[in-house]
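What follows is one structure encoded as structure tokens, with my remarks underneath.
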Amino acid sequence: MALEIERKYLVDTLLWRPHGAGVLYRQGYLSSVKERVVRVRIAGDRGSLTIKGTTTGLTRLEFEYAIPLEDASVLLDRLCERPLIEKTRYRESFAGRSWEIDVFHGDNDGLVVAEIELPKATDAIVLPPWAGAEVSNDPRYFNSNLIAHPYKHWRGNRASPSS
């Protein structure tokens, strides 16, 4: 059984800048209901299909499979819910752990989120100086929810990176 244990933080863009080239991600959802999401993704030149269960705390079931790039492209263009999520992902190390920083584009432009996957939900982490408010349990920041409620429409309901 595959489990995803993930913590998510807003990024203070005054303190963080990319240290290398990012990878463009284009992703959409065949299903984005609370009980399960089915995601199609193109990351650079790779396609994948991912099924995720309901999040409980910081944990949820996750199954990810490589699929042909051409299949992923057709699924994104013809079957996925709109709008698609587009972002550039950067990977950085801090205090011996790997962080993924997502800079969103399109309807979610301005949103920058850092994620860290952990072996156990109880694992302690050292936060980088650019990691702001934790949003792990705020469903607005789930990529699957950014389709129906894009960041550009949040206005006064945004968490501050330093909250």
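Structure data summary
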quantity	calculated
Matching residues, region 42-57, being open to solvent by less than 40 Å² (accessible area, probe 1.4 Å) and farther than 20 Å from Lys87 by Cα	Gly53
Candidate set: region 92-140, residues that are under 15 Å from the mean Cα position of the chain (by Cα) and β-branched (Val, Ile, Thr); chosen: the one surrounded by the most Cβ atoms within 10 Å (Cβ to Cβ)	Ile101
Glu81 vs. criteria open to solvent by 40 Å² or more (accessible area, probe 1.4 Å), closer than 19 Å to Ala148 by Cα and not hydroxyl-bearing (Ser, Thr, Tyr)	yes
Scope region 28-47; condition within 17 Å of Thr88 (Cβ to Cβ) and out of contact with any Ser or Thr (no Cβ under 7 Å at 6 or more places or on another chain); matching residues	Gly28, Ala43, Gly44, Asp45, Arg46
Answer residue from region 6-41, given it is among the aliphatic types (A, V, I, L, M) and open to solvent by 20 Å² or more (accessible area, probe 1.4 Å) and is nearest to Lys120 (Cα to Cα) among those	Val38
Ala148 vs. criteria farther than 15 Å from Leu10 by Cα, part of a loop (DSSP other than H, G, I, E, B), touching a Leu at 6+ places or on another chain (Cβ under 6 Å) and not β-branched (Val, Ile, Thr)	no
Failed criterion for Gly156 (all others in (1) touching a strand residue (DSSP E or B) at 6+ places or on another chain (Cβ under 9 Å); (2) at pLDDT below 95 hold)	(1)
Which numbered condition Ala124 misses (of (1) touching a strand residue (DSSP E or B) at 6+ places or on another chain (Cβ under 9 Å); (2) in a loop (DSSP other than H, G, I, E, B); (3) of a type outside the set (Val, Ile, Thr))	(1)
Enumeration of residues in region 48-59 that are within 14 Å of Val74 (Cα to Cα) and either touching a Ser or Thr at 6+ places or on another chain (Cβ under 7 Å) or among the aliphatic types (A, V, I, L, M) (or both)	Leu49
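The values are calculated or read from the model by the stated rules, or taken from the named source; none is laboratory data. Note that this is a predicted model, so its numbers are computed, not measured. Neighbour counts are summed over all protein chains in view; Cβ atoms, including those assigned to glycine, are modelled from backbone coordinates with ideal geometry. The area values use the complete protein model at the heavy-atom level, side chains included, leaving out ligands, DNA and RNA. Shrake-Rupley method; radii C 1.70, N 1.55, O 1.52, S 1.80 Å.
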